[in-house]
Amino acid sequence: MTKNITRVNLAAAAAVAILISACSIANLGRLRNSEEVGRGFATLQVSPNYRYWYLYLENSPYAVVGLNREYRIEDISWTEVEASSEVFGKVVGLVESFPVPGSRTYGAYILDSKGERIGVWYSSMGAGITVDPNTKVVSIATRMPWMDGPGNDSYD
């Protein structure tokens with residue numbers, strides 16, 4: 001009897017894990033490299049139809065993202081910035097001029113789970129993209145080079 005209860009509990013736990021995993025996978029977006037996007041950022045010729053954010057600090061940014069206006073980022077590591085501002089030009093220039101070690105800065109389209117373009121990416125890092133289709137919140141997971149101390153950088 002106890003074995004049967006344990007098996008039922010394990011089966012239920014496995015079913016919940018699969019369901020959670022399936023829901024997460026269904027919301028996975030991705031990056032698709034684009035020389036056009038890279039040139040647009042490099043020349044500051046970006047779409048006014050996007051809202052923009054940069055990753056980390058104004059004087060030490062690691063990425064710049066533009067999203068269709070209906071989407072947003074709700075992560076304290078990202079700061080919204082106007083594309084027409086001096087700060088935008090500054091952070092784009094810093095992202096371009098100071099890539100993470102062993103990388104180069106590139107542009108990419110941000111795609112949702114259906115492969116639809118929802119934004120643009122400019123960075124020397126890769127990223128994991130998750131898009132909540134109901135709330136339109138975009139979550140972006142990257143390596144955190146600012147957390148690397150001497151000897152902690154996996155790219156040494």
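The values are calculated or read from the model by the stated rules, or taken from the named source; none is laboratory data. All of these numbers come straight from a predicted model, not from anything done at the bench. For neighbour counting, all protein chains shown are included, and Cβ atoms are generated from backbone atoms with ideal geometry for every residue, glycine included.
Pairs needed: first member in region 116-137, farther than 14 Å from R104 by Cβ; second member anywhere, of a type in the set (K, R); C-beta distance under 7 Å; at least 6 residues apart or different chains.
As it stands, the answer is I129/R30; K136/R72; V137/R72, since those pairs meet every condition given.
Any chance you could count how many residues in region 85-96 are free of Cβ contacts under 8 Å to residues at least 12 places away in the same chain, farther than 22 Å from M144 by Cα and of a type outside the set (D, E, K, R)?
1
Could you please give the count of residues in region 98-120 that are more than 19 Å from P61 (Cα to Cα) and not hydroxyl-bearing (S, T, Y)?
Qualifying residue count for the region: 7.
What do you reckon, is E74 exposed (fewer than 14 other Cβ atoms within 10 Å of the Cβ) and touching a residue at least 24 places away in the same chain (Cβ under 8 Å)?
It is true that E74 is exposed (fewer than 14 other Cβ atoms within 10 Å of the Cβ) and touching a residue at least 24 places away in the same chain (Cβ under 8 Å).
Out of all the residues in region 126-140, which are under 14 Å from R30 (Cβ atoms) and not in a strand (DSSP E or B)?
Result: G126, A127.
Which is assigned to a helix (DSSP H, G or I) and either surrounded by 12 or more Cβ atoms within 10 Å (Cβ to Cβ) or modelled with pLDDT under 95 (or both), of V120, V65, V37, V100?
So the residue among V120, V65, V37, V100 that is assigned to a helix (DSSP H, G or I) and either surrounded by 12 or more Cβ atoms within 10 Å (Cβ to Cβ) or modelled with pLDDT under 95 (or both) is V37.
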